[in-house]
1. Please pick out the residue among Trp86, Trp67 that is out of contact with any helix residue (DSSP H, G or I) (no Cβ under 7 Å at 6 or more places or on another chain), of a type in the set (Phe, Trp, Tyr) and on the phi < 0 side of the Ramachandran plot.
2. Which members of the stretch 31-48 meet the condition of being surrounded by 14 or more Cβ atoms within 10 Å (Cβ to Cβ) and in contact (Cβ under 8 Å) with a residue 40 or more places away in the chain?
3. Out of everything in the stretch 49-76 that is without any contact (Cβ under 8 Å) to a residue 12 or more places away in the chain and either closer than 29 Å to Arg27 by Cα or among the hydroxyl-bearing types (Ser, Thr, Tyr) (or both), what residue ends up being surrounded by the fewest Cβ atoms within 10 Å (Cβ to Cβ)?
4. Test of understanding: among Trp48, Trp86, which residue is within 28 Å of Trp33 (Cα to Cα) and assigned to a loop (DSSP other than H, G, I, E, B)?
Amino acid sequence: MPKSQVRKKKVYTPPTDVRPTATASTRKPSPIWLPVTAVALIVVGIAWLVVYYLSEQAYPVASWNYWNLAVGFGAMVSSLILLSRWR
């Protein structure tokens, strides 16, 4: 039985007018404050939640009740948003 013919595919080259102008090598690195702030927000968020639970919901702010959870998790989510900008 004869062997089928092998077809050669052309190498794809994107059009020059569609290529992105900024490549990964031309981007500037992130400022030093960005990862430092993100790590600080994670630590503050975790510490806020730990203090809230260990104090039996009396601290950090007793009048906020369950909004203390929102503050702790909000700090951690904001750090994740900052870390998504890190290069």
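We did not get these values from a lab; they are worked out from the coordinates using the rules stated. Computed from a predicted structure; not experimentally measured. Reconstructed Cβ throughout: ideal geometry from the backbone, glycine too, with neighbour counts over all protein chains shown.
1. After ruling out the rest, the residue left standing is Trp67.
2. Leu34, Pro35, Thr37, Ala38, Leu41
3. Filtering first and then ranking leaves Ser63.
4. Numbers: Trp48 fails: assigned to a loop (DSSP other than H, G, I, E, B).
None of the others qualify; the one that does is Trp86.
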